[in-house]
Structures are given as C-alpha cells and as structure tokens.
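Working notes, beginning with the structure itself.
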Ligand code: KIV
C-alpha cells in the first residue's frame, strides 16, 4: 500500500525516523521505490541536477510537471511531493492554486512543497483547504539565494532563529503536513522539531529532525563538483559510470564488442 501523509503524522507521534530522497526520472524512481524510500521529492534542485543551471531560479512549472510525471510512473508506493518552482506561487493565490493543481492533476503527485513563511502561510491554508497537502520549507531556502547573498546557513542569530520557529508553527497551524528544515544550526533543528506535532525533514539541520532528506545525485556520488558539508555519499557511481563507458568505448574501437554472445545468428541455434 502506498504511503500517505497520515503515515508521516503517525511516525512523528511514534518517534519513528524516516527518509525522503529527491527523484527526477522514471528509472531512479523505480530503484528508490524498490528500496522502500517512503517519500520522494521531485525537487526544483532538478534545475542543477537534470538541467545544468547554476541554481533553481530558472526552473519552470512545465519542467517540474514533466519530471514529476516520470517519477509518479516509477514509484507507485511512495508519497510523491512536487516542489513548486520560483515564481509558481509568488505573484498571487490564483497562480498558486493553478500551479499546485497542475501538479496533482497533470503529474499525479500527492502533495506540493513551497519555500518560506510570510505569504506562503496564507497559501498553505488555502491549498490544504482545497485538499492539496503542503510541505513547508524553511531555513536556507534556495529560491531566496539572492536575498541571502549566497548559500549561507540561516537562523544563527537569536532573532533569525525565533523567526524560523514562528514560521514553522504558523505553517503547522495553517495545515502543512511536514516541514523541510535546510541549512540551520542543529540546536535550532532540535527546537523546531520538538515544538511541532508534524514531522520535520532535515537537510543540513542536524540529527534531531524527524526525517532526513538528501539529493539523490549526492547520495550516489554523481555530483561532479563541490558538495555541501551536510552531504554524505553512500556510493561513488560517478567514477563507476566513467569506468564502464570507457570500457565500452575501448571494446568498440578494438572490435571486442559485439562478441558472439551479443549478436544475432541468421537462424536460431537449436
Ligand atoms: O529541491 C530540492 O531538492 C529540495 C531539497 C533539498 C529539500 O528542496
């Protein structure tokens, strides 16, 4: 049976920790679903991992729906969350409702995620009131990169920490079913987690959050450039891919591939 937001609420009450991973394509989603990863996020981080942009700001709703459809087809058991990209929920409530609706109707995801507090709290109330579950996202929210002046840990001052805590509580009251906490000091991750009845999902927020999320390319060792301090790679698939395709290239150039085991005879062998 597939995972629902009710499961996440139950796990929080039972203090059962869980994982979320990003997924952007059918094949990866199938493997993650086989591994019983309960929550998959079609993150706007696909701007970097799939589309080669330097940040998430150029990602469009069309990009997100396109990738989300493939993840939905690949992962029938996971709770799938679609990340609302920059400008999909910034101009008006009407835009927000239309774009969140696209995610559920066109792509078939189960919930949407929006970054920040402020107006997003009001939008969260509106969407949940229409049956669209919302995951919040606070702290080092990548869509605020220019506002923050770079990838900087958030919530270090008392005032900033209080604001994040207050936003988290307001999102919970507005109906959010969980909140991603990104790039904040561990003690603040703990404080927010203890203050909420909904699960917190940390990424660079320390060990005390109810769940942890990472970008799948980082987990698999596929990120060619710098990775953040909070990233742990559980495999090194990048070098493995390079080795495999170099061997293929060598074997084709030497004539070793295709060999008899990989070719068709004119008549089937008896
Ligand atoms: O887009 C994304 O991948 C995210 C996660 C890092 C939480 O928002």
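Every number here is computed from the coordinates shown, using simple stated rules; none is lab data. A quick note: this is a predicted structure, and the numbers were derived from the prediction, not measured. Counting neighbours? That spans all protein chains shown, and the Cβs are built from the backbone with ideal geometry, glycine included.
Where does the chain land at 222 nm, in deg cm²/dmol rounded to the nearest 500, when only DSSP H runs of n ≥ 4 count, each adding -39500 (n - 2.57), divided by all residues?
-12000 deg cm²/dmol
Order by neighbour count: 230, 103, fewest other Cβ atoms within 10 Å first, most last.
Lowest to highest Cβ neighbour count: 230, 103.
Can you give me the angle between helix 158-174 and the longest principal axis of the chain, using Cα atoms only, in degrees from 0 to 90, rounded to the nearest 10?
80 degrees
Scattering from the C-alpha atoms of the chain alone, worked out with Debye: what is log10 I(q)/I(0) at q = 0.15 1/Å?
Treating every Cα as an identical point scatterer, log10 I(q)/I(0) equals -1.08.
Taking the beta-carbon count within 10 Å as an exposure proxy, list 26, 123, 234 from fewest neighbours to most.
234, 26, 123
Exposure proxy check: 110, 67, 90 ranked by fewest other beta carbons within 10 Å?
Least crowded to most crowded, the residues run 90, 110, 67.
Percentage of Cα-Cα pair distances in segment 221-270 greater than 16 Å, rounded to whole percent?
In whole percent, the share of Cα-Cα pairs in segment 221-270 beyond 16 Å is 61.
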